[in-house]
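This report refers to the structure that appears directly beneath it.
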Amino acid sequence: MRWMHYLLVRQPFLFLMFTVNLFGTLYGYYWYRYQLYETPAIFLPFVPDSPTASLFFTIVMLGFLFKRNFPLIEALAIITLFKYGIWAVVMNLLVLNETGVLDPVGYMLILSHLGMAVQGLLYAPFYRFKAWHLAAAAVWTLHNEIIDYVFGQMPKYSVLMNYLPEIGYFTFWLSLFSIYLAYYFVVRKDSYKLDLLK
């Protein structure tokens, strides 16, 4: 396992992760373009969930390239990458179950979002956020549930609109589990820690 973590923080691999996530973030905001056009300005920071999660991680990778930690951004990244990565995988599988078909973009979203969820956890030994950073990121994450499911700003999957109460309930518990994972892998006293390469 240590050899893998050594590879993860080599400069060429960090640059690759930064680049992939940067372009993934840009594509994600493009994917949301129609919903963003219709979104009231006050809700704009909370609508493009997945690209904002990958934006957090892109900033973390940029920091790692310069041997820097940004603890609050790290906490936001690990929670939101896992939450929205798993959420998108489940939603696209539900679309497949409902319709019997999934277009190539749907399969691409499954693979890319699964990668999002995994990458945030893989870098956990290098994060340096504390309990208060985790608490702030948790407030952001749970507040986002209110924006999505009370004010109706969730990502639009037209064939799943009849299941919004169940999806909202699932998302709430997914948020709590994502926050717990961040605590377990980073804040917990005996969590596994590694230093960035000098």
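The values are calculated or read from the model by the stated rules, or taken from the named source; none is laboratory data. Since we're looking at a predicted model, the values are computed, not measured. So basically every Cβ, Gly included, is an ideal-geometry build from the backbone, and we count neighbours across all protein chains shown.
The set of residues in the stretch 31-65 being modelled with pLDDT of 95 or more and either out of contact with any helix residue (DSSP H, G or I) (no Cβ under 8 Å at 6 or more places or on another chain) or β-branched (V, I, T) (or both) consists of T52, T58, I59, V60. Is it fair to say Y184 is among the aromatic types (F, W, Y) and over 16 Å from the mean Cα position of the chain (by Cα)? Spelling it out, Y184 is indeed among the aromatic types (F, W, Y) and over 16 Å from the mean Cα position of the chain (by Cα).
Yes/no matrix, rows are residues, columns are (1) basic (K, R); (2) closer than 16 Å to S178 by Cβ; (3) out of contact with any Phe, Trp or Tyr (no Cβ under 7 Å at 6 or more places or on another chain):
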residue: P45; (1), (2), (3): no, no, yes
residue: L62; (1), (2), (3): no, no, no
residue: I73; (1), (2), (3): no, yes, no
residue: N97; (1), (2), (3): no, no, yes
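Just the residues that are touching a Ser or Thr at 6+ places or on another chain (Cβ under 9 Å) and without any contact (Cβ under 8 Å) to a residue 40 or more places away in the chain, please, taken from the stretch 124-169. Of everything in the stretch 124-169, those that are touching a Ser or Thr at 6+ places or on another chain (Cβ under 9 Å) and without any contact (Cβ under 8 Å) to a residue 40 or more places away in the chain turn out to be L142, E145, Y149, M154.
Tallying residues that are under 17 Å from V47 (Cα atoms) and either part of a helix (DSSP H, G or I) or of a type in the set (A, V, I, L, M) (or both) within the stretch 139-174 yields 20.
Comparison of A117, A137 shows that the only residue that is at pLDDT 95 or above, within 13 Å of the chain's Cα centre (by Cα) and farther than 23 Å from Y6 by Cα is A137. Just so you know, in the stretch 3-30 the residues that are more than 16 Å from the chain's Cα centre (by Cα) and more than 20 Å from G63 (Cα to Cα) include one that is modelled with the lowest pLDDT, and it is W3. None of M91, M108 is of a type outside the set (S, T, Y), surrounded by fewer than 18 Cβ atoms within 10 Å (Cβ to Cβ) and under 24 Å from M161 (Cβ atoms) except M108. For the condition surrounded by fewer than 19 Cβ atoms within 10 Å (Cβ to Cβ) and either in contact (Cβ under 8 Å) with a residue 40 or more places away in the chain or touching an Asp or Glu at 6+ places or on another chain (Cβ under 9 Å) (or both), L121 qualifies. When each of D103, D148 is tested for being surrounded by 14 or more Cβ atoms within 10 Å (Cβ to Cβ), among the charged types (D, E, K, R) and at pLDDT below 95, the lone residue that passes is D148. Filtered by the rule that a residue be under 16 Å from F64 (Cβ atoms), loosely packed, with under 14 Cβ neighbours inside 10 Å and not aromatic (F, W, Y), the stretch 1-26 gives M4, L7, R10, Q11, P12, L16, T19. One residue stands out among those in the stretch 66-100 that are modelled with pLDDT under 95 and among the β-branched types (V, I, T): the one that is nearest to the chain's Cα centre (by Cα), which is V95. Across the stretch 30-48, which residue is surrounded by the most Cβ atoms within 10 Å (Cβ to Cβ) among those that are among the aromatic types (F, W, Y) and farther than 15 Å from T141 by Cα? Only one residue tops the list, namely Y32.
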